[in-house]
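Laboratory data are not the source of any read-out in this text; all were calculated from the coordinates shown. Quick caveat, the model's predicted, so the values are computed rather than measured. We place every Cβ from the backbone using ideal geometry, glycine too, and count neighbours over all the protein chains shown.
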Amino acid sequence: HVEQIALDTRCTLGQWIYGEGARFAACEEYLRVKEKHALFHKIAAAIVQKCDAGDIAGARQTLESDYRCVSKHVKRDIVRLARRIAAG
């Protein structure tokens with residue numbers, strides 16, 4: 001299941017990024033969302049992998065540092081992209 005979590009194409013945002021949202025591929029904000037969203041999934045998969053291996057402390061550390069940071073970036077970049085789209 002770790003492999004599935006690492007895929008950034010299956011969740012609602014990923015489906016939009018690789019589907020309808022791809023029309024914004026020339027937009028810098030879109031590219032940031034795409035990049036940070038993919039990283040979000042890789043970090044989430046790493047957390048699950050650490051848990052599966054019994055490394056709960058490592059999983060917690062990754063959750064509280066990398067995951068928290070990339071989550072903030074994804075949210076911020078989505079807002080910036082939405083503003084850019086609204087502005088035309």
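Numbers at a glance
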quantity: Members of the range 61-88 that are more than 15 Å from His37 (Cα to Cα), of a type in the set (Lys, Arg) and surrounded by 14 or more Cβ atoms within 10 Å (Cβ to Cβ); calculated: Arg84
quantity: Residue count for the range 1-43, restricted to those that are more than 26 Å from Arg83 (Cβ to Cβ) and either part of a helix (DSSP H, G or I) or under 13 Å from the mean Cα position of the chain (by Cα) (or both); calculated: 8
